[in-house]
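Taking it in order: structure first as structure tokens, then the write-up.
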Amino acid sequence: MTDVFISYSRKDTAFVRRLYEALEAKDYDAWVDWDDIEYAEDWWAKIQAGIEEANHFVFVISPDSVQSTVCADEVEHATKTFKRIVPLLYRPITAAEDHQRMHPSISRHNWLPFSDDDDFDSAIATLIDTLNTNPEHVRLHTRLLVRAIEWDDAGRPDSLLLRGEQLNQAEQWLTA
């Protein structure tokens, strides 16, 4: 499992490399496509697994990421798997059609300013604070999601059902 999945447009790669390095320097494991997809691998299946196994879904907002079909698909998968979505505003969205095109899960969340004009170190500190909000709850959600997917993929065998303390923990999480 990883701490953060980063969704972005390739045109924003330089910024995302800086973000990735800053997160890694703070001991956060970040999932990015240049590091985690092998050649000849089913890239979409790998991306879906990366989203599912990450505690947080960070979306780098720019005109290019909003226009990207793959980015939209990533946001949709993160939404369907109930991931904590953290939008970072890297480049402003000025075109009305881009605002309309933006996935509702991105547009309804409060965006963390992360442009070249913002203080990068301060923005990283705010991002880390955000990632550290309710960490046990988020990690348990990720663990339960991965277990549920494994159970479903295996044909839903009784042997993979939660039992005992694991079941109690999951029920308490669900109630909370």
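For segment 24-41, residues that are touching a strand residue (DSSP E or B) at 6+ places or on another chain (Cβ under 8 Å) and either of a type outside the set (Ser, Thr, Tyr) or within 14 Å of Cys71 (Cβ to Cβ) (or both) total 5.
So, of the residues in segment 4-23 that are touching a Phe, Trp or Tyr at 6+ places or on another chain (Cβ under 8 Å) and not β-branched (Val, Ile, Thr), which turns out to be most open to solvent (accessible area, probe 1.4 Å)? Write out each step before concluding.
Step one: filter segment 4-23 for residues touching a Phe, Trp or Tyr at 6+ places or on another chain (Cβ under 8 Å), giving 4-8, 12-13, 15-16, 18-19, 22.
Retained after the next criterion (residues that are not β-branched (Val, Ile, Thr)): 5, 7-8, 12, 15, 18-19, 22.
Working: Phe5: 2, Ser7: 0, Tyr8: 18, Asp12: 3, Phe15: 13, Arg18: 124, Leu19: 0, Ala22: 21 Å².
The extreme case among them is Arg18.
Please verify whether segment 13-23 includes one or more residues that are closer than 17 Å to Val70 by Cβ and among the aromatic types (Phe, Trp, Tyr). Checking segment 13-23: not a single residue is closer than 17 Å to Val70 by Cβ and among the aromatic types (Phe, Trp, Tyr). Just so you know, in segment 29-39 the residues that are surrounded by fewer than 18 Cβ atoms within 10 Å (Cβ to Cβ) and either hydroxyl-bearing (Ser, Thr, Tyr) or over 17 Å from Asn132 (Cβ atoms) (or both) include one that is modelled with the highest pLDDT, and it is Trp34. Counting only residues that are open to solvent by 30 Å² or more (accessible area, probe 1.4 Å) and among the β-branched types (Val, Ile, Thr), segment 51-97 holds 4 of them.
The values are calculated or read from the model by the stated rules, or taken from the named source; none is laboratory data. Just so it is clear, the structure is predicted and the values come from calculations on it, not from any experiment. Here Cβ is always computed from backbone atoms with ideal geometry, including for glycine, and neighbour counts include all displayed protein chains. Accessible surface is based on the protein model in full, side chains and every heavy atom, while ligands, DNA and RNA are left aside. Shrake-Rupley method; radii C 1.70, N 1.55, O 1.52, S 1.80 Å.
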